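Chemist: Would you mind keeping the following structure in view while I ask a few things?
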Amino acid sequence: MFNSAYRIATVWGIPIRLHISLLLMVFILILQFGFWNGILIEIGLALSIVLHELGHSLVAIRKGCRVREITLVCIGGAAQMERIPTRPLDEFLMALAGPFVSLVLGVLFLFAGGRLALPPVPRADPLNIVQLLGAINLGLLIFNLLPSFPMDGGRVLRAALTPRMGRLRATFIAARLGKIMAVLFGLWGFFHHNWILIFIAFFIFTAAGNEYRMVQMQEAAKRHGFGAWSPFGPPEPPASGDDDEVTVGPPPYGQRDSRTRVHPEDRTRFRGWF
């Protein structure tokens, strides 16, 4: 998905890549805090986002899901997985793993920064650079826990709603909340001339819609092959395990193979926003 990304490390067999768009955030931080402060903040922020994504990845691996790579982009981090757990409890645990890492980092940075004799960062007074990284991590925590897609809070909400109303309807509600929040962010950015916030709002709106369409296709494959699907049908019975692939009925155009296998959970996840 990210053609202009370069591998910088491998952790637990997961390639860590930097996307060229990250230079945009470096430039913004330099304008905001000065050259050296901007560089140091970007390095600390990048490491924080990698650890956030590794938190998700560790739980995903323990649930039998393969993580292909983690990519840092200008608006956060992206963990590309072959699939994610579909059982509500497993998805709940995986979604909370990243924000938990951000919470720990935020508390540690604030605690350590308060005991270091460092000068305050310009335009962030009275915080020094370590405390500022702590505040940024706590900001990531709060933002990621918003109960809407594509943030982690949206996955927590879906995991809570799925047992009562089914995965598709739960996704619809979380995605709709994501679009509403994106519109509010966009309006706020427009009236306050914050073009970065407008860009993030556009991305949230698009990602929320993509999430719902992906689940629509998964449910269509499970219930009716590639034909019509019922968007708000009765909840499915609890799955006995995570399905790696779904078998659907005869393919079109008279192909010889009577069984076609598709991987419904192949997707890229965006987490670690700022």
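The values are calculated or read from the model by the stated rules, or taken from the named source; none is laboratory data. Note that the structure is predicted; figures quoted are calculated from it, not measured. All Cβ positions, glycine included, derive from the backbone under ideal geometry; neighbour counts span all protein chains shown.
Residues are listed down the side, and each one gets a yes or a no for (1) of a type in the set (Gly, Ala, Ser); (2) not in a loop (DSSP other than H, G, I, E, B):
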site: 60; (1), (2): yes, yes
site: 71; (1), (2): no, yes
site: 80; (1), (2): no, yes
site: 83; (1), (2): no, no
site: 97; (1), (2): yes, yes
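Chemist: So for region 130-142 (the condition being of a type in the set (A, V, I, L, M), assigned to a helix (DSSP H, G or I), farther than 18 Å from residue 32 by Cβ and in contact with a Ser or Thr (Cβ under 8 Å, 6 or more places away or on another chain)), does at least one residue qualify?
Modeler: Within region 130-142, the first condition is being of a type in the set (A, V, I, L, M), and the residues that meet it are 130, 132-133, 135-136, 138, 140-142.
So of that shortlist, the ones also assigned to a helix (DSSP H, G or I) come out as 130, 132-133, 135-136, 138, 140-142.
Now narrow it down to the ones that are farther than 18 Å from residue 32 by Cβ: 138, 141-142.
Then drop every residue that is not in contact with a Ser or Thr (Cβ under 8 Å, 6 or more places away or on another chain), which leaves 138, 141.
Yes: one or more hits.
Chemist: Starting from region 21-42, keep only residues that are in contact (Cβ under 8 Å) with a residue 40 or more places away in the chain and surrounded by fewer than 16 Cβ atoms within 10 Å (Cβ to Cβ), then list their pairs with residues that are among the β-branched types (Val, Ile, Thr) and not in a helix (DSSP H, G or I) whose Cβ atoms are within a distance under 6 Å, requiring at least 6 positions of separation or different chains.
Modeler: Once the first residue is in contact (Cβ under 8 Å) with a residue 40 or more places away in the chain and surrounded by fewer than 16 Cβ atoms within 10 Å (Cβ to Cβ) and sits in region 21-42, its partners that are among the β-branched types (Val, Ile, Thr) and not in a helix (DSSP H, G or I) give 21/73.
Chemist: Is it the case, given these coordinates, that residue 95 is under 23 Å from residue 175 (Cβ atoms) and hydrophobic (A, V, I, L, M, F, W, C)? Before the answer, list the steps.
Modeler: Details: under 23 Å from residue 175 (Cβ atoms): yes; hydrophobic (A, V, I, L, M, F, W, C): yes.
Yes.
Chemist: Separate question: Of all the residues that make up region 128-150, how many are in contact with a strand residue (DSSP E or B) (Cβ under 6 Å, 6 or more places away or on another chain) and farther than 24 Å from residue 175 by Cα?
Modeler: The initial filter retains those residues of region 128-150 that are in contact with a strand residue (DSSP E or B) (Cβ under 6 Å, 6 or more places away or on another chain), namely 128, 150.
If we keep only those that are farther than 24 Å from residue 175 by Cα as well, we get 128.
So the count comes out to 1.
Chemist: Across region 129-147, what is the number of residues that are surrounded by fewer than 18 Cβ atoms within 10 Å (Cβ to Cβ) and farther than 14 Å from residue 99 by Cβ?
Modeler: Counting residues in region 129-147 that are surrounded by fewer than 18 Cβ atoms within 10 Å (Cβ to Cβ) and farther than 14 Å from residue 99 by Cβ gives 1.
Chemist: Now for a different question. If I filter region 159-171 for residues that are within 30 Å of residue 20 (Cβ to Cβ) and not in a strand (DSSP E or B), do I get at least one hit?
Modeler: no
Chemist: For residues that are surrounded by fewer than 19 Cβ atoms within 10 Å (Cβ to Cβ) and among the basic types (Lys, Arg), scanning just region 64-95, find the one that is farthest from residue 10 (Cα to Cα).
Modeler: 87
Chemist: Quick one: residue 41 ticks every box in (1) aliphatic (A, V, I, L, M); (2) modelled with pLDDT of 90 or more; (3) closer than 29 Å to residue 162 by Cβ bar one, so which box is it?
Modeler: (3)
Chemist: What residue, among those in region 188-206 that are among the hydrophobic types (A, V, I, L, M, F, W, C) and surrounded by fewer than 14 Cβ atoms within 10 Å (Cβ to Cβ), is farthest from the chain's Cα centre (by Cα)? Spell out the reasoning first.
Modeler: Start the filter on region 188-206 by keeping residues that are among the hydrophobic types (A, V, I, L, M, F, W, C), which leaves 188, 190-191, 195-205.
Next cut, surrounded by fewer than 14 Cβ atoms within 10 Å (Cβ to Cβ) only: 188, 190-191, 195.
Details: 188: 22, 190: 24, 191: 27, 195: 21 Å.
Top of the filtered list is 191.
Chemist: Would you mind stating whether residue 192 is modelled with pLDDT of 70 or more and either out of contact with any Cys (no Cβ under 7 Å at 6 or more places or on another chain) or not basic (Lys, Arg) (or both)? Working first, answer last.
Modeler: Details: modelled with pLDDT of 70 or more: yes; either out of contact with any Cys (no Cβ under 7 Å at 6 or more places or on another chain) or not basic (Lys, Arg) (or both): yes.
Considered against the rule, which asks whether it is modelled with pLDDT of 70 or more and either out of contact with any Cys (no Cβ under 7 Å at 6 or more places or on another chain) or not basic (Lys, Arg) (or both), residue 192 comes out as yes.
Chemist: Quick check on residue 154: is it surrounded by fewer than 17 Cβ atoms within 10 Å (Cβ to Cβ) and either within 15 Å of the chain's Cα centre (by Cα) or more than 19 Å from residue 77 (Cβ to Cβ) (or both)?
Modeler: Working: surrounded by fewer than 17 Cβ atoms within 10 Å (Cβ to Cβ): no; either within 15 Å of the chain's Cα centre (by Cα) or more than 19 Å from residue 77 (Cβ to Cβ) (or both): yes.
No; evaluated as a whole, the condition is false for this residue.
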